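The values are calculated or read from the model by the stated rules, or taken from the named source; none is laboratory data. Quick caveat: nothing in here was measured; it's all calculated off a predicted structure. Here Cβ is always computed from backbone atoms with ideal geometry, including for glycine, and neighbour counts include all displayed protein chains.
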Amino acid sequence: MKRRVKWILVVGLVALLTFGIVVWSAAQAPVNVEPSVLRTDQGGVVSLYATAPLTFTEDYTVRLLNYGILATTYVNPLALQATVPPGLSAGDYTLWVLDANGVQVGVGTLRLVAPPAPTATPKPESPAPSGRPILTVRNYTVEPMQVRPGQEFTVSIEVYNNGSRAGENTMVVFPGGTFLPLDEKGHIFGQVHINATFVATQRFRVPASITNGIHQVEVQLSANDWEGAHYDYAATIPVEVTGASTGAAPTGKPKVLVESVSTSPAVITPGMPFSLTLVLANRGSRTAINVMTHADPATAIPAEGGSIISTDVLRIDGVVTVTLPLLLKSVKEGGRQGLTVMLEYSDYSGGSYSDQQTVGIDIDTSLANRPQLLIEAYHTDPVGISPGDSFTLTLELANVGGGGAQRITLALGGEEGENLGAFVPVEGSNVSFVSAVGAGETEVITVRLMVAGNAETRAHNLPVALAYDAGTGTREKDTQRVSLMVFRRPQFKVSFYRPVEGTAMVGQPFALPIEVVNSGTARFNVPTLEATGEGLEFMGESSTYVGNLDPGGSWTLDAMAMAMAPGPLDVIVNVYYVDDLNQTQIYSETLTVEVMEMPEFEEPGGEFGPDGPIGPDGLPQTPETLSQKIWRFVKAFLGLGS
């Protein structure tokens, strides 16, 4: 019995081992995988083929270790298909085939490889550099070539663009360095093309404390190219300094001299304007500033403007021309005479200098052999002129000299008419011509002019330029002036503001209802409005005060008058007003009044009864009471009978 049990145990153990071996061998059955290599960026479908004794059923699945179950498709008992997704990491992977219970029954391998690196795109060759602007100082000048302490000088440089691009926003800056730049030290030249040049100029002043030798003026050149890149170029200009002192205090001083003189006209007559032209030169060792020039007032006075001519800067060896408009005072001696000229100036260190120099001028105190034209008299027609008026200007031109004047031109407002002001020539130009005026003769010249509508009401100074040929063959010029008074002309309208016809009777008082109206555009001060008339006897006030009468304003005067004779009588109304020169003027107008005879009333009967005079109705008349007499006077005053 025991043997039988043992045999059964042995047989069972052998069967169990055989089943395990079969199961193990089935779990380890290899599976062929096609394709065995996939790209990670693409993934793909792989086919798994069973080897004996393994077979597949429809519920088998494929597992990718370290990822999970793949989408599996049953093909037949010997083939399965599984989908490998893209995006997995590259490497060797194991594929398990699982039965319906999830037990591994087959194994295969799959390699995932990374995609090949993309072929590098060849880089285009870099373009050759396009260059840049290059600014250089090709030439320079220093004027003067040698400078001294305190002196001003000029540096001019010629800048050349020898680069391969145009310069944009090109600038030259003179920071100065040792020297002090004057005025603006930066100069902008904009665009400078390739191979183009330009010139930059700068003025400098030499410091007083500088030493002798060669010193450098700094120059900074800059430009952009069209892409915006900025380039700077530095340069220096050598300047030679001489005449510097070894100590701290500057040496030398300016010295201004009158090197030449001329007058216009060449021969001067006392009382006539002339121009004194002086050529001044600085022959000192420092720059002169604030040079003041004027003539001796004991001999000549200014003809116009002030007596002093100012020159800001006169450099070392510099020359300047000044002209003094003068009027020669009365002198007894003619010929070549001396005129004293005063000079005052200073330097940059604060030093002040003054000097007196004498120049020679030719004076003619005689009119025996030359003409002299004067505007002896002039007047206007009408006498009073107002804005907008046309008038005639009459000039009496007299030759008070000893010689005749030929080819005379008389120009109102100056030679070019530039000073006509408020006057406009009409019926001709501003220039009149006279062929000749002999010695002692007078020529009358008339010119038609118009006053501008916006002219100021005042005295207008009108220059008259005279030019004529003298007996010496020279052309003499002179300017004389006439004054033309322009007034505001009042426009008053004087009238009766109610009818007076039929109210004026001989021996009876009658009213003069006078009204004055300012019908112009300007205000006038009217101190008095007055009524007068020959043959009229005024009762009460015949004038009144008005005051300022505005444009469009009016004023009345109610006067009472009585005439002793019939016929037309003139009532003269005087309007006293103040003109633009604060003078009282009179504007008069005449009004006519017809004075009638007093009608005679015949009283019929003329008899007296026991109760007094008998009236026209045959009834006795009673004497007039005081109130009846007053009423009769009022009716006579109002022109309703008496």
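Points to keep in mind about this one:
- Of the strands (runs of 3 or more DSSP E) contained entirely in the stretch 547-642, those carrying at least 3 residues that are at pLDDT 90 or above and at negative phi fall at 554-563, 567-578, 584-595.
- Residue count for the stretch 199-221 satisfying the condition of being touching a residue at least 60 places away in the same chain (Cβ under 8 Å) and either of a type outside the set (D, E, K, R) or in a loop (DSSP other than H, G, I, E, B) (or both): 6.
- Every test in (1) touching a strand residue (DSSP E or B) at 6+ places or on another chain (Cβ under 8 Å); (2) closer than 24 Å to LYS477 by Cα; (3) assigned to a loop (DSSP other than H, G, I, E, B) is passed by SER275 save one, and that test is (3).
- LEU48 buried (at least 16 other Cβ atoms within 10 Å of the Cβ), modelled with pLDDT under 90, touching an Asp or Glu at 6+ places or on another chain (Cβ under 9 Å) and hydrophobic (A, V, I, L, M, F, W, C): yes
- In the stretch 271-296, the residues that are more than 21 Å from LYS253 (Cα to Cα) form Cβ pairs under 9 Å with partners that are among the acidic types (Asp, Glu) and part of a strand (DSSP E or B), at six or more places apart or across chains, as follows: MET272/ASP478; PRO273/ASP478; LEU278/GLU259; HIS294/GLU344.
- From the list ALA281, ALA298, the one residue that fits, being touching a strand residue (DSSP E or B) at 6+ places or on another chain (Cβ under 7 Å) and either part of a loop (DSSP other than H, G, I, E, B) or of a type outside the set (D, E, K, R) (or both), is ALA281.
- Scope the stretch 70-91; condition under 30 Å from ALA117 (Cα atoms) and either small (Gly, Ala, Ser) or touching a strand residue (DSSP E or B) at 6+ places or on another chain (Cβ under 6 Å) (or both); matching residues: LEU70, ALA71, GLN81, ALA82, THR83, VAL84, GLY87, LEU88, SER89, ALA90, GLY91
- Pairs linking a residue in the stretch 473-492 that is more than 27 Å from ASP550 (Cα to Cα) to a residue that is assigned to a loop (DSSP other than H, G, I, E, B), with Cβ atoms under 7 Å and 6 or more positions apart or on different chains, are GLU476/PRO265; GLU476/ALA470.
- The one condition in (1) touching a Gly at 6+ places or on another chain (Cβ under 9 Å); (2) at pLDDT 90 or above that ARG132 fails to fulfil: (2)
- Of the residues in the stretch 112-126, none is modelled with pLDDT of 90 or more and assigned to a strand (DSSP E or B).
- The C-beta contact set for the stretch 174-198 (first residue within 16 Å of VAL137 (Cβ to Cβ), second residue assigned to a loop (DSSP other than H, G, I, E, B), distance under 6 angstrom, 6+ apart or interchain) comprises PHE174/LYS185.
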